[in-house]
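Taking it in order: structure first as structure tokens, then the write-up.
Quick note: the coordinates plus some simple rules give every number you see, no bench work behind them. Just so it is clear, the structure is predicted and the values come from calculations on it, not from any experiment. Note that we place each Cβ from the backbone using ideal geometry, even for glycine, and neighbour counts take in every protein chain shown.
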Amino acid sequence: MSTSIHTLDLVSAPAGSGKTVQLVRRYLHELSQGARAEQIVAITFTRKAAAEMIDRLSGVLRCAAGLPNNLKQADLYLPFAPDADTCRRALAALPNAPVTTVDSFVFALVQEFLFDAHYTDASGEPIWLDGPLSPSGSAGQAFETAARDAMEAGSGTGLDDDAVRLLGHLPLANCLEVVGRLARHRSVANVTNAALRTALAVAAPIGDANFTDAARKSLAGFPDLLAEFEAWDRVPASAPPALLWALRVTAKDKALTSRMEVARAAALGLGAKPDTPLFNPYDRWDPKDGCLNITVMNEADALRTAAWRLSRTARDLALRALASSAAADNGELLRVATTLCEEAAGALPGTSLARLRDRYAALLVDEVQDTNPDQVALYRAFVAMKPGLSRFFVGDMRQSIYRFRDGDPHGWAGLVADTPEARRGTLDVNFRSSERLIQFQRGVIGALLAAGELGLDGTETVTHFKKNAGGDRVGEIATEPVLIANVLDGEVVTSAIALFARRLGGAWQTLPERDPEHVLGAGVSATDSAAVLTRSWKTAALAAAELQKHGIAARVTGDRTLLSRRMATDLRIVLRALLDTTDEIAWMGMLKHPSIGVSDGGLARVRPFGRLFVPGAKKVVPDPAWQGALDAADLARLADAVPVLARARGRLGREPTAGILDEVTATLGWRPLAAVGPEGVSAEVELDLLLDVVRAAEAEQVDPDAVVDALTPGENGDADLPRLRFESAGPVVEVTTLFSAKGLEFDHVCLLQVGIGGSDGKAYNGKDISTCRAGGQAWLTVQLDPSGALAPVADPVTVFAWGMANAEARHESLRLFYVGVTRAVATLTLGVEAGTKDGQSLLSAIRKAMGLDAPPSDEGAPQAGSDADLRVSRVFVADGDVVAPELTPPPPRASLRPRSQAGALVPLWKTSPGSELHSPSSWADSREVAARDALIERYRESVAISKGASPTSPLIWPAGATTDPRTRGDVVHGWLEWWKFKGAPEPAAAVEYLRRKWACDDALLAAGLCEVGANLLRSLPEFDAMQREAKALRFEAPILANVGGDAIVGRADLLIDHQDGSVTVIDFKAGTRFATEEASTGADDEKEAEETVKDVKAKVPGLSKYAWQLEAYRVALTAAGRTVREVGLLYVMGPSWARWGKLE
């Protein structure tokens, strides 16, 4: 970054670019400009990051002041440090300076200005807080109570009808849960289906007027379809127009793109952020689901509005209850702090809020891409509080991965957009990864972006930091920096770990090598660092167990959800019971644990449980009150367990609790029980990790009560959890999640669960009314069950919101991949599930980046150090723990898969009174056999044929490309639509078409397509003249008409509008040339063989199938008021043109 750091307000910092250094430098600069340490607010993402920043600042200040220090790389910071006296003053103030997390800063701020702090109700009126303030776990209870109050009849809220409506769909308990949950959102978009229809109409230009008028006329006999059409008729023809859920849509890329763009424009009109990704909800508005029934939509709107109104009332009630008790959770405190800053901006001199406004000189915020909307609102209000207040935001869109915590990259994108370009900067040097890995990162990310995957910025400007001679050993030890386990079948964890174990080699393993090929890690040292990164803690536990099978020590680190799972609950219960014999709930839970297993009857007979412990007893001494009441099995269970528990209870408070719990669980056999339980080996790993939590809680003194607190999950997240250590004298592999690995680096990384897919959003989530965060705001989603058959239906607004959310989830999965690969310094091992579509997409991009899909050649070999040099990396075929180098050539880049991956939609059927909805082919099937045969014969007899010359050069398909004739036909069809017969076909345009639509950049195929197009016009001058003289050419033209009581919907490949208002219908056939009389029929039965022979003699292959399709188009257009001049089949590869004029 050439621009000086002190002139910038915002810096984009890709992985490994030294953002912490820049934050410290900026802090030092603010001190040099006269700001005091207590005036500089520095916000970090975690408490650990805050501690690290304070430690580094302390080292720099001590070094600059000439005091003893342990600062490393002092030359990075000292040029930015102030004078020695300023450093000493800052060092003295640093322990109390606001270098902390946003939650800690907000709590201190609101606590200090409590007399000015207030919530704000729905009408904008303040709700003043009483003090002193304390974060409270009762906030959730306050909202649940408020929900009940809002729903109670006679409460005076005027919302009785809304409550009745909700109760018509949900039980009372669910209603309370829904309203209480919605009430916790300060802002929820109450978007109705009516608003969505309006937004789509505004977003889309008016469609073809002729089509619109004809559609209305055709639907006159179908009241329900007409009503729906009238509600949505402004969706444009290219989108396609009208009845998008009733038309049988062939998902051509052009139409798909248009619909996605219309949907995004509509989303912006409904309040979504400008950087909301493209999404396509149309394909999921399926009439078979019933979601587009007008009655369903209206009821969904009413239900949504009722829940929204009740939640607003409940929110006001909850805020008043919280204010009176001065209790709040972090989310509410953020909003209070934001209001304080907003009001401080206009405060009068001498007031307390004026002190707030004048107190601070600078705001520095790290990891802004992972902030939630309330945090971004606070930062905006804070910097607007005082003119000239310095601000420095650091983030990276590529590393925004915390949607599950309400992290929202739209906030970072908004800050970037609002910051003048001269005040923005980008760090473009990677200090972490080796040059080869940076090349890999550039190549893969570039390939994914080129393939249409979005969600992150490119890395083409990121360069490698050249270290001094001898200082980059790790970066150069791997001749194959990237290894890939291409898991064809079996468990990806087993296969990838097997390959990673071979990478690490003998220095890491305690097991003997199995064969000479077993080790791939030449040069990997036992002093290097290594990590396995996963998406889930369950997979992390499995990976740790797999590593141990290979004789490699491992430790699982940082599971923040650990305290909410079963093993932690069981440990808490045991400890509570041992501490308090009157805690009957804990005692019943402990004695019913499978390791003891007392029956319910036995529990009832031994109460109170304190009687189990007789001073000095070495075995169970039955109390006379229940002498003989226990059966033999319960007595035996207690006889085994009570001495263990008595001994543990006597040691509590005098010895470390971790040792006591370890002995209890070992003696009672928890580990074997866990191993055969549903969690399997992961539960065993969790137990070890929890014992480390206990050790950390008693690091300074033995305190069993503190241990209970440490094992209890908090409402707003737990502290950073310590590491689980498997004792080993050698190197240890860290096993953690991608979320916990942010900010870390390792010499060797194994990345599991690699993929770039998001949920399809169609599955029922079990909640009739819920919220969905998408486009930078919260949406109310509704699912109804109109059939009463446990088949819930999402209404169009819900599908619309899910469409945005799923697009964003896919983008985040790509960012997770980026975070994973950028943790590596020297080598990277990937586990890819080749059997999944997402795995195949990612593997294709990786192959392209690594040059693995190019044929080997001695000529033009890539130079060492170039991006193409990455082809020295290898792909391994994996099955279980057996991995072998890939021997067969991988598929070429020209895979010819449609870019959209949408595929053709199945025919959609909808029944109306006295009518049916048909595609052209299904309409033919509904005709009588005699009528079908007569029409086909008439077409055979009246055909006029124009035949041209074959292309001078045939199409040359790339090696390994699909041989499916239908797909190859789609490639040719798509090219004609892309070209539109405008001018001479250009090879560059054909290459662009193949690249954008088919993930292919084959120049020979592109040249062949150009020759096919040019030859078509050259050899068929009548067609060339017709298209030149046409008023308009409409490719993939939608057709909708009422024909004899049936609604026919479909698409014509080409509709030619003539100057006189008539039309010609063209159906392209690209998969074959004209047949000859000697052609084989290939028929499966006698009837089909006879029809095929007739088609051959008529010189029109497939006519028995295509005649009724053409007739359906002709009849439908005629019924819609259009004059059809002729219909025809255009055999592109021949080329040949079969034409039919009027057939009345």
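Inter-label distance, D580 to R654: 2.4 nm, where each label sits 7 Å from its Cα along the C-beta direction. Just to verify a number: FRET efficiency for V429 and D1001, C-beta to C-beta distance, R0 = 35 Å, to 0.05? E between V429 and D1001, to the nearest 0.05, is 0.70. Considering the zone a paramagnetic label at A949 would reach in this model (a point 7 Å from Cα along the Cα-to-Cβ line), which residues of the range 971-1013 have amide N under 16 Å from it? Under cut-off, by backbone N: 1011-1013.
In this label model, A959 and R1028 are separated by 4.2 nm, measuring between points 7 Å along each Cα→Cβ vector.
If R0 is 51 Å, the Cβ-Cβ spacing of R927 and L167 corresponds to a FRET efficiency of close to 0.50.
What is the list of residues in the range 86-112 whose amide nitrogen lies under 15 Å from a point 7 angstrom out from the Cα of D406, following Cα to Cβ? Answer for the range 86-112: 102-104, 106-107. Gain on full extension, evaluated as 0.36 nm per residue between E52 and E937 minus their Cα-Cα distance, stands at 310.2 nm.
Just the number: Rg to Rh for the range 29-136, Cα atoms, Kirkwood Rh, two decimals. Looking at the range 29-136, the ratio lands at 1.13.
Under the simplified labelling scheme, the R89-A422 pair shows an inter-label distance of 3.1 nm, with each label point 7 Å from Cα along Cα→Cβ. Residue separation of D703 and R1125 scaled by 0.36 nm, minus their Cα-Cα distance, works out to 142.7 nm of gained length.
Taking 19 Å as the limit for the C-alpha separation, the pairs K980/K1069; K48/K742; K19/K273 exceed it in the case of K19/K273.
By counting other Cβ atoms within 10 Å of each Cβ, how are D964, D640, D970 ranked from fewest to most? With the sparsest Cβ surroundings first, the list reads D964, D640, D970.
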